[in-house]
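Heads up: the structure comes next, in structure tokens.
The values are calculated or read from the model by the stated rules, or taken from the named source; none is laboratory data. Just so it is clear, the model here is predicted, and its values are computed rather than measured. Quick reminder, even Gly has a Cβ in these numbers, built from the backbone with ideal geometry, and neighbours come from all protein chains shown.
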Amino acid sequence: MSDLQRQHPAAALANAFDIVRSNFITILVLIFIGGGGQQANFTLYWILGTFIVLLIWGLISWYRFEFRVQDGELQIEQGVVIHKKLYLTSDRIQVIDISAGVVQRLFGLVAVEVKTAGSSSKEAKINAITREKAEQLKRLLRKENKSENAEASEGLKQSQVYTLNTGDLLVAASTSGRLGVALSVVGALFSQIEQIISEEQMISFVENHLPNTTSTTMVLLSIAAVIVVSWVFAFLGTIVKYYDFVVEVRENELLIARGLFERTQLTIPFNRIQAVQIKEELLRQPLGYASLVIESAGYGEEQANSTTLFPLISKHRIYEFINEVIPEYHADISETTRASQRGLRRYLLRMVWVSLPVILTIWGTVTYGVYAWFLLIPALVLGYQQYRDAQISKGDDTIILTSRLLSKTTAIIKKYRTQACEIRENPFQTRLQLSNFTVHVASGNQGRSFTVRELAKEDSSTYLNWLANGNSTSILSDDKVEEKEEKEFPPSQKQ
């Protein structure tokens, strides 16, 4: 691969579809808002015209895109208007992912994404090449010599493979946490339904099929329809994303493959894993299931640099699975501290203040809205459950933080992976000798933080000193708002 090469011409089409996919929701909203008649035709022509322009742009960018591997370095030359050269040396390359979207599968091709480590991380993507060429590219950038090849072969033979069976996939899809996102999208689309079906037509349809329907019943049916359609979208989205989910444990890395239409293979080196999360979604908890998510420095499948390690697993099997796949994060708990009893009323009051705007809005706008005050009951129950779940545990070199908003999250963090920790308290907490304890880990460029609220102040200080190993403390204060105590660890502890 020492000579400059071009991608398959399908890369032009893949580039255009990537842009369309990233703006798919916006396009749907434009279609619905566009209205009927000539205005709808104009919107459709505008969208088609934009796609044609993108396709032409993709052809030019494909022609101007060349790559090669020379002396262990990936060299890419690209740019339509401004010609750019990107050189990625193999010693800085951290992750090489191979995926196959709809376009790539049509032509029997794959896409390769290369990412580097460090604060100034770079990434490059080759959108359409053959799988043989992708594997060759990966081998060349791994700087393999004979001894490394032997070790890799041995590691491959001893690798462990974990799969998500069909039954668990259906359970994961049925209890997906994507329902909230789907609700917001479907709700926005339903609000524009008048552009397609007039109000008179809807009323006539309901009266013909449900003659005794009242206005209240129509409102309830509309809400039920939005929830059902949202659940269907969330169900199908989870099926598409996690179809044929496979985790392969190799000597120095994890390989995660998944996807129905777009087959993605993610490579996560063990030395980049900063924390492991156990997420118990609201619908999954009664069934005894949870999902596992890993945080990795400078890399992840989503913007927040979080990667799903396993989408559905029995809570009884979680720690056994962690011990088998990431034994570094298996810990024996020696001490547990729960939220202070003095903080219970703060948890309850917080949920009251959150629910009041919703209750008042329903009360003032909906017939029989006075019954919305019954929403205070589940709000208070949730606040009490948040208090019950809030705790910090520790082992020899591990800290575990558990908290809840709607879903329950347990973060397992190695002491030497911690980037910083802090104690925050506002004037109300100061009076009760309470504080919030937060731990920060590296995850992408922005990092990730985990917080346990309403701990006794002396407990927070104990954990702060234990994590910081006696390093100096800087205190930042704001007389009117809050006090903050923070310890940031030296570079030797940062990964």
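Hey, among Arg131, Arg139, which residue is modelled with pLDDT of 85 or more and not acidic (Asp, Glu)?
Details: Arg139 fails: modelled with pLDDT of 85 or more.
Matching residue, one of Arg131, Arg139: Arg131.
Scan the range 221-238 and tell me whether some residue there is at pLDDT 90 or above and not assigned by TED's automatic domain parsing to the domain that holds Val103. Talk me through it step by step, then tell me what you get.
First, pick out the residues of the range 221-238 that are at pLDDT 90 or above: none.
Checking the range 221-238: not a single residue is at pLDDT 90 or above and not assigned by TED's automatic domain parsing to the domain that holds Val103.
Just name the residue that is modelled with the highest pLDDT out of those in the range 55-86 that are assigned to a loop (DSSP other than H, G, I, E, B) and in contact with a strand residue (DSSP E or B) (Cβ under 8 Å, 6 or more places away or on another chain).
Per the criteria, the residue is Phe65.
Kindly indicate whether Ala290 is crowded, with 18+ Cβ neighbours inside 10 Å, in a loop (DSSP other than H, G, I, E, B) and among the hydrophobic types (A, V, I, L, M, F, W, C).
Numbers: crowded, with 18+ Cβ neighbours inside 10 Å: yes; in a loop (DSSP other than H, G, I, E, B): no; among the hydrophobic types (A, V, I, L, M, F, W, C): yes.
It is false that Ala290 is crowded, with 18+ Cβ neighbours inside 10 Å, in a loop (DSSP other than H, G, I, E, B) and among the hydrophobic types (A, V, I, L, M, F, W, C).
So which residues in the range 333-350 are over 21 Å from Thr410 (Cβ atoms) and not charged (D, E, K, R), if there are any at all?
Once the filter is applied, which keeps residues that are over 21 Å from Thr410 (Cβ atoms) and not charged (D, E, K, R), the range 333-350 yields Gln341, Leu348, Leu349.
Of the conditions (1) of a type in the set (A, V, I, L, M); (2) modelled with pLDDT under 80; (3) surrounded by 14 or more Cβ atoms within 10 Å (Cβ to Cβ), Ala10 clears all except one; give me its number.
Every listed condition holds for Ala10 apart from (2).
Could you list, ordered by first residue, the pairs with Cβ atoms under 9 Å in which the first is in the range 72-88 and not assigned by TED's automatic domain parsing to the domain that holds Val112 and the second is at pLDDT below 85, at least 6 apart or interchain?
Between residues of the range 72-88 that are not assigned by TED's automatic domain parsing to the domain that holds Val112 and residues that are at pLDDT below 85, there is no close pair.
Would a scan of the range 248-264 turn up a residue that is over 18 Å from the mean Cα position of the chain (by Cα), farther than 30 Å from Ser461 by Cβ and at pLDDT 90 or above?
yes
Considering only the range 388-410, how many residues are in a loop (DSSP other than H, G, I, E, B) and not hydroxyl-bearing (Ser, Thr, Tyr)?
Step one: of the range 388-410, the residues in a loop (DSSP other than H, G, I, E, B) are 390, 395-397, 405-407.
Next, only the ones that are not hydroxyl-bearing (Ser, Thr, Tyr) stay: 390, 395-397, 405-406.
The qualifying residues number 6.
Residue by residue through the range 228-283, note down the ones that are under 25 Å from Val114 (Cβ atoms), in contact (Cβ under 8 Å) with a residue 40 or more places away in the chain and part of a helix (DSSP H, G or I).
Tyr242, Phe270, Asn271, Arg272
Hey, among Phe450, Phe437, Phe428, which residue is farther than 27 Å from Thr175 by Cβ, crowded, with 17+ Cβ neighbours inside 10 Å and aromatic (Phe, Trp, Tyr)? First the steps, then the outcome.
Numbers: Phe450 fails: farther than 27 Å from Thr175 by Cβ; Phe428 fails: crowded, with 17+ Cβ neighbours inside 10 Å.
Residue meeting the stated conditions: Phe437.
Specify which of the listed residues (Thr89, Thr26, Thr50, Thr43) is hydroxyl-bearing (Ser, Thr, Tyr), in contact with a Gly (Cβ under 9 Å, 6 or more places away or on another chain) and at pLDDT below 80. If you could, list the steps in order and put the result at the bottom.
Values: Thr89 fails: at pLDDT below 80; Thr26 fails: in contact with a Gly (Cβ under 9 Å, 6 or more places away or on another chain); Thr50 fails: in contact with a Gly (Cβ under 9 Å, 6 or more places away or on another chain).
It is Thr43.
Within the range 310-334, count every residue that is surrounded by 13 or more Cβ atoms within 10 Å (Cβ to Cβ), farther than 22 Å from Arg258 by Cα and free of Cβ contacts under 8 Å to residues at least 12 places away in the same chain.
Number satisfying all stated conditions: 3.
May I ask you to list the residues in the range 45-63 that are under 14 Å from Lys125 (Cα atoms) and not small (Gly, Ala, Ser)?
Trp62
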